[in-house]
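Scroll down for the structure; my scribbles are underneath it.
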Amino acid sequence: MKLLEISDLSASVDDQPILRGIDLNICAGEVHAIMGPNGSGKSTLANVIAGREDYRIDRGRIALEGEEITTLSPEERAHRGLFLAFQYPIEIPGVSNMEFLKAAVDSHARAAGEPESTTVDFVKMARSAAEQLGLNPEFLKRGVNDGFSGGEKKRNEILQMLMLNPKVSILDETDSGLDIDALRIVANGISAFANTSNAVVLVTHYQRLLNHIEPDFVHVIANGSIVRSGDHSLALELEEKGYSWLENA
């Protein structure tokens, strides 16, 4: 079953073309890795899929479960099951993690016509998810990303994913800034989330995250286009050779 379909997608930022005709199909139960050098368009692709407003779609189509979402707001896309973990998570002082997560989960429930979870049930779920990621439950009382280390911010993004349970999760360089232990914990959280009814897209420069989560497909973006696709062995080849050989291939 196709969860996410991207057809001939071209996009610009400040009238500067970045993406040039991206085609990508992602099915339920799959893990895809998007790799490529700096400035190749990886993060732009993630942001365009999520609906970030300062990115302009010049051509193409994005569909989630067969329904086009190209013109929908980020909130509407999220309510339909799309999740983006930011490369640089923002701080929201004065709003606790617990308040933020409860508001987000309740918003999704209302959009789906489902009842909101009780406070007691929600607190139990949030504490369980935090412990799964090696976070002290007291972490939930702190302001969202306020004073967090880089590793805590990235784990907080995975915590949000676990609580929202999206259909398609796009994780934009979740591995950046993580030490070995934090990387393993984050990878375990992603692996625990992935199942046969959802899909995960890992945007990354390096093989090291893929040592913990083996993708079904690896796609390399260069100059705004997918120039090569393959299985996990392609990521290993990139680790050995870098990206320049693809540009000359």
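The values are calculated or read from the model by the stated rules, or taken from the named source; none is laboratory data. Nothing here was measured: the structure is a model prediction, and the numbers come from that model. Cβ coordinates were reconstructed from backbone atoms using ideal geometry, including for glycine residues, and neighbour counts include every protein chain displayed.
Structure above, values below:
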{"read-out": "Subset of region 189-222 that is in contact with a Lys or Arg (Cβ under 7 Å, 6 or more places away or on another chain) and assigned to a loop (DSSP other than H, G, I, E, B) - its residue that is farthest from residue 167 (Cα to Cα)", "value": "212"}
{"read-out": "Per-region count, region 21-44, residues buried (at least 18 other Cβ atoms within 10 Å of the Cβ) and among the charged types (D, E, K, R)", "value": "2"}
{"read-out": "In region 60-110, the residues that are within 17 Å of residue 3 (Cβ to Cβ), surrounded by 14 or more Cβ atoms within 10 Å (Cβ to Cβ), free of Cβ contacts under 8 Å to residues at least 40 places away in the same chain and out of contact with any strand residue (DSSP E or B) (no Cβ under 6 Å at 6 or more places or on another chain)", "value": "72, 77, 79"}
{"read-out": "Region 130-166, subset closer than 23 Å to residue 31 by Cβ, hydrophobic (A, V, I, L, M, F, W, C) and at pLDDT 90 or above, residue surrounded by the fewest Cβ atoms within 10 Å (Cβ to Cβ)", "value": "164"}
{"read-out": "Among residues of region 48-66, those that are acidic (Asp, Glu) and modelled with pLDDT of 95 or more, counted", "value": "2"}
{"read-out": "Boolean, residue 227 is touching a residue at least 60 places away in the same chain (Cβ under 8 Å) and assigned to a strand (DSSP E or B)", "value": "no"}
{"read-out": "Tally of residues being among the small types (Gly, Ala, Ser) and assigned to a loop (DSSP other than H, G, I, E, B) across region 230-249", "value": "2"}
{"read-out": "Unmet criterion (only one of (1) more than 15 Å from the chain's Cα centre (by Cα); (2) surrounded by 15 or more Cβ atoms within 10 Å (Cβ to Cβ)) for residue 239", "value": "(2)"}
{"read-out": "Close pairs (8 angstrom Cβ cut-off, 6 or more residues apart or separate chains): at positive phi and modelled with pLDDT of 95 or more in region 1-14, among the acidic types (Asp, Glu) and in a strand (DSSP E or B) anywhere", "value": "8/23"}
{"read-out": "Strands (runs of 3 or more DSSP E) wholly inside region 1-82 that include at least 1 residues being over 22 Å from residue 210 (Cβ atoms)", "value": "2-13, 16-27, 56-64"}
{"read-out": "Qualifying residue in region 165-177 (condition: touching a residue at least 40 places away in the same chain (Cβ under 8 Å), part of a strand (DSSP E or B) and of a type in the set (Val, Ile, Thr))", "value": "yes"}
